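Please read the structure below before turning to the comments.
Nothing in this text is a laboratory measurement; each read-out follows from the coordinates by a stated rule. Treat the numbers as computed from the prediction; the structure is a model and nothing was measured. Cβ atoms come from the backbone with ideal geometry, glycine included; neighbour counts cover every protein chain shown.
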Amino acid sequence: MKKTVMFLLCLSFPYFLFAQQKLKQKEIGLALSNFDNFGLTYKFGTEKSLIRLNTLFYTGTSSKETSQNGVVETKNNNGFGINLGHEAHKKIVDNLEFRYGFDFSFAYVVSKSKTDPKSDNYYTSTSKSIVYKPGFNFVLGVNYVINTNFVVGVELLPEIVYSTGTETQSYFKSYDRNENKSEISGFNYGFSNNSALITLTYRFKKEKYN
């Protein structure tokens, strides 16, 4: 519980750090990661310094395969993630901005699989893992400013992520059942499948709120 509270405080640190700034610019739009994970992005601050909030909804994957001997294997994965951090902008040329910063992140991922031999002579097996992934990542990217309001962004997010959770495996046949539960724990760093982000945002200037 204490670790969770500390992490949430870290996650909210950028907001409190910059909340007193006089707002001059806001952006809201869509985010795409790994070409199959969609979410929303919201930014507020000044033209050169913004707080960023990204929520990614992992649409998940689902598959079902049947082997030649009749074994049916199904797999399902889904989850969501949230990033909160800060980014700075530096103009390169007209309509092109360099952006850099950092995020605190958190992801929740559930994976399930089942192997069914369709025969009473063999065990049916199931596996379920629930993983929590707090982390930190750097932000390196560019914005292409289409016009006053629309912006397309591309960024790389090298990360440091700690994974913790549980995995439960079950084997059963008729009334015979065995279950094994194990802990998941470990660090990942560098680039992953979700380390690239494409955004399309609508940019509001201060005068639109006067």
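So the values come out like this:
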| item | result |
| --- | --- |
| Residue order, fewest to most surrounding Cβ atoms within 10 angstrom, among 195, 105 | 195, 105 |
| Karplus-derived 3J(HN,Hα), 6.51/-1.76/1.60, for each residue of the stretch 123-128, Hz, glycine and proline x | 7, 8, 10, 10, 9, 9 |
| In Hz, Karplus ³J(HN,Hα) per residue of the stretch 138-155 (6.51, -1.76, 1.60; θ = phi - 60°; x = Gly, Pro) | 8, 10, 9, x, 9, 10, 10, 8, 5, 8, 4, 10, 9, 9, 10, x, 10, 9 |
| Between the stretch 36-106 and the stretch 151-186, the alpha-carbon center distance in angstrom | 19 |
| Taking 93, 72, 131 and counting other C-beta atoms within 10 Å, the order from fewest to most | 93, 72, 131 |
| HN-Hα J in Hz across the stretch 31-47 - Karplus 6.51, -1.76, 1.60, θ = phi - 60°, x for Gly and Pro | 10, 10, 10, 6, 6, 9, 10, 10, x, 10, 10, 9, 9, 8, x, 10, 5 |
| Out-of-range pairs (alpha-carbon distance over 24 Å; input 90/205; 133/173; 133/205; 90/133; 75/118; 112/173) | 133/173; 133/205; 90/133 |
| Which of 103, 116, 36, 94 has the fewest Cβ neighbours within 10 Å, and the rest in rising order | 94, 36, 116, 103 |
